[in-house]
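Have a look at the structure below, then the notes.
The values are calculated or read from the model by the stated rules, or taken from the named source; none is laboratory data. Model, not experiment: these values are computed from the prediction. Quick reminder, even Gly has a Cβ in these numbers, built from the backbone with ideal geometry, and neighbours come from all protein chains shown.
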Amino acid sequence: MKPAIDFYFDFSSPYSYIASEWVEAVGARHGRAVHWHAILLGATFQAAELKSPVSYPLKREYSLRDFARSARFAGLPYRQPAKFPIPTQNAARVFWWLHDSQATERAVAWAHAGLRAYFTRGVDLSDSAALRSLAAESGLDAAAAEAAWSDPLWKDRLKRENDAAIAAGVFGAPFFIVDGEPFWGNDRRAQLEQWLAGQADFAHTVM
């Protein structure tokens with residue numbers, strides 16, 4: 001079996017939302033599974049000494065325009081959330097709770113539910129009541145989901161995932177690693193596809 005595509009995403013990343021809608025199809029076309037990793041951009045930004053592009057006045061308006069334009073280009077619905085960016089640790093902890101204690105498929109379904117809810121309906125994933133409601137809407141036990149995001153076990157699980165991502169060289173989202181080769185950003189789809197197709201002469205590193 002060919003190695004999987006490791007896909008790192010943050011629930012508050014517009015480009016992660018867009019990439020989440022195509023990564024499975026790309027993997028399937030090339031006989032690759034996709035391993036999803038919910039992370040926190042705040043942790044990777046801190047490690048890389050970076051900030052969100054919307055935190056810079058000169059970049060903010062362009063970035064907001066590009067989020068919507070990139071979604072339209074991909075044929076996806078998009079509505080810029082009124083509150084952006086937001087802390088997403090609770091949504092990410094629910095992802096790892098489902099991933100580790102139930103089924104990977106349920107965790108991926110939750111990732112889709114959270115990303116779509118935030119970027120098409122403006123559901124505030126940082127609000128506990130809104131997150132409980134989304135959990136119930138997604139077929140989860142809302143009380144169990146809240147217990148999971150409050151549990152030190154899943155808090156530590158997310159921290160360990162952030163640390164592992166940083167150790168692997170992840171500094172943003174979406175981020176893909178395949179065959180040890182890193183690709184950062186939704187706009188690296190074409191390069192990722194060429195790599196998977198075995199047409200990757202462009203990727204040779206020049207030292």
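Points worth noting:
- Residues of the stretch 27-59 classified as touching a strand residue (DSSP E or B) at 6+ places or on another chain (Cβ under 9 Å), surrounded by 15 or more Cβ atoms within 10 Å (Cβ to Cβ) and not basic (Lys, Arg), total: 9
- Residues satisfying the criterion are present in the stretch 98-111 (criterion: within 24 Å of Asp156 (Cβ to Cβ), in contact with a Ser or Thr (Cβ under 8 Å, 6 or more places away or on another chain), touching a residue at least 60 places away in the same chain (Cβ under 8 Å) and not acidic (Asp, Glu)).
- Residue within the stretch 156-165 that is closer than 24 Å to Trp22 by Cβ and touching a residue at least 40 places away in the same chain (Cβ under 8 Å) present: yes
- If you go through the stretch 1-51 and keep only what is among the polar types (S, T, N, Q) and in contact (Cβ under 8 Å) with a residue 24 or more places away in the chain, you end up with Ser12, Ser13, Ser16, Ser20, Thr44.
- Pairing each residue of the stretch 67-89 that is among the aromatic types (Phe, Trp, Tyr) with any residue that is surrounded by fewer than 18 Cβ atoms within 10 Å (Cβ to Cβ), provided the two are 6+ apart or on different chains, yields C-beta distances under 6 Å for Tyr78/Ala68.
- Pairs with Cβ under 6 Å, 6+ apart, first in the stretch 169-192 and under 12 Å from Phe7 (Cα atoms), second in a strand (DSSP E or B) and at pLDDT below 95: none
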